[in-house]
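Beneath this line is the structure, given in structure tokens, with notes to follow.
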Amino acid sequence: MDAVQARTLLVPGATLHYEVRGSGPILLLIPGGNGDGDAYRRLATQLAERYAVITYDRRGFSRSLLDDPPGDLERRLAADVDDAARLLAQVADGPSYVFGSSSGGIVALELLAQHPERIQTLIAHEPPLVTLLPDAAQQLTFLDGVYATYRSSGVDSAMKEFFTGAGLGSHPTAASSPPASPPVAEVLSRTNINRAFWLEHELRQYPRVAPKMAALEAVRSRMVLAGGSDSREYFPYRANILLAERLGVELVDFPGGHVGYSTHPSEFAKQMVSVLDRRSGWHGAGTQP
């Protein structure tokens, strides 16, 4: 099933592009550093058999256009959280299921802390909360170094350095990739632009976010932390271990690594359905109007 309804939502300072697949309880997927909702396309197709799956491009990425420059960390993260809350208000008539990975996991945790009434169950997959780590200074220096490479040598060199250091494998470049079909080529062209935006506005900034521990502890019954079974030694997973310990919530392994939703979409979807069914029940979340 991949019948897609493409829509837009006007929000302060931007126009969000979002898509709806399937029907049933609302499940919002917040994208990570790529920023493009199509990163979840294969996962969303699997999940659309059970849910009304909402994917979207975060502001400044791909088809979600900004009216003004993105601003500093505090302003940008607040806008990301507000966008997600407004999107849920647009599509759902009650608390909904939410999944966020990487930077999207940071946005999702902030969303839960600030708007718990919007969320039935949240799965936060490897939010890179570097400040929780005992080697935080080392990891932040690594990210600052990737940014310096971007400024001196360009996107491809920086992404290669980041992929290697973060345990994501080799970084595919346009030169090393086979010719793509027109739809895939369109996504790849957006991805290349998105990476420059991410390197400039998010790589260094979002990992420095300190989670709102008191607010999250108050709503921890609605939260599941998730990590890739193949990425346990890397800093996003390690940060999640510490967050789980401090909040007293479960940490569930999902198939694959940091982008397991893309590399193992079928198995990933099965694990997500299992977690949501077990934690929240089938009929608890808001439904599509």
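If amide hydrogens are placed 1.01 Å from N in the peptide plane, which non-local residues have theirs closer than 5 Å to the one on Asp253?
Gly227
How big is the dipole moment of the range 25-160 about its Cα centre under a simple scheme where the beta carbon of each Lys and Arg is +1, that of each Asp and Glu is -1, and everything else is neutral? Debye, nearest 20, please.
The calculation lands at about 300 debye.
I want the antiparallel fraction of DSSP beta bridges within the chain, as a percent rounded to 5.
40 percent
Run the accessible area of the chain with a 1.4 Å probe and give the carbon-and-sulfur part as a rounded percent.
Ligands and nucleic acids excluded, carbon and sulfur give 53 percent.
Among the trypsin sites (Lys or Arg not before Pro) in the range 186-224, which ones are in a DSSP loop with at most 14 other Cβ atoms within 10 Å of the Cβ? Mind listing them?
Hits after loop and neighbour filter: Lys212.
Using a 1.4 Å probe, what is the accessible area per residue for the chain, in Å²?
41 Å²
How many percent of the alpha carbon pairs in the range 73-168 exceed a separation of 18 Å?
Cα-Cα pairs of the range 73-168 separated by over 18 Å account for 57 percent.
At 10 °C and a viscosity of 1.306 mPa s, what translational diffusion coefficient does Stokes-Einstein give for the range 1-57, taking Rh as the Kirkwood radius over Cα pairs? Give it in µm²/s as a whole number.
Reported coefficient: 140 µm²/s.
FRET efficiency for Ser229 and Asp68, Cβ-Cβ distance as r, R0 = 41 Å, nearest 0.05?
Efficiency, rounded to the nearest 0.05: 0.50.
Along its principal axes, what span do the Cα atoms of the range 1-104 show, with the longest given first and each in whole Å?
39, 26, 22
If you take the charge dipole of the chain about its Cα centre, with +1 on Lys and Arg Cβ and -1 on Asp and Glu Cβ, which of Leu10, Ala92, Thr164 is farthest toward its positive end?
Value computed over the given set: Ala92.
The values are calculated or read from the model by the stated rules, or taken from the named source; none is laboratory data. As the structure is a computational prediction, the values presented were derived from the model and not from experiment. Methodologically, a virtual Cβ is constructed for each residue, glycine included, from the backbone with ideal geometry; neighbour enumeration extends over all protein chains shown. Quick note on the areas: whole protein, heavy atoms, side chains included, nothing else; ligands and nucleic acids left out. Shrake-Rupley method; radii C 1.70, N 1.55, O 1.52, S 1.80 Å.
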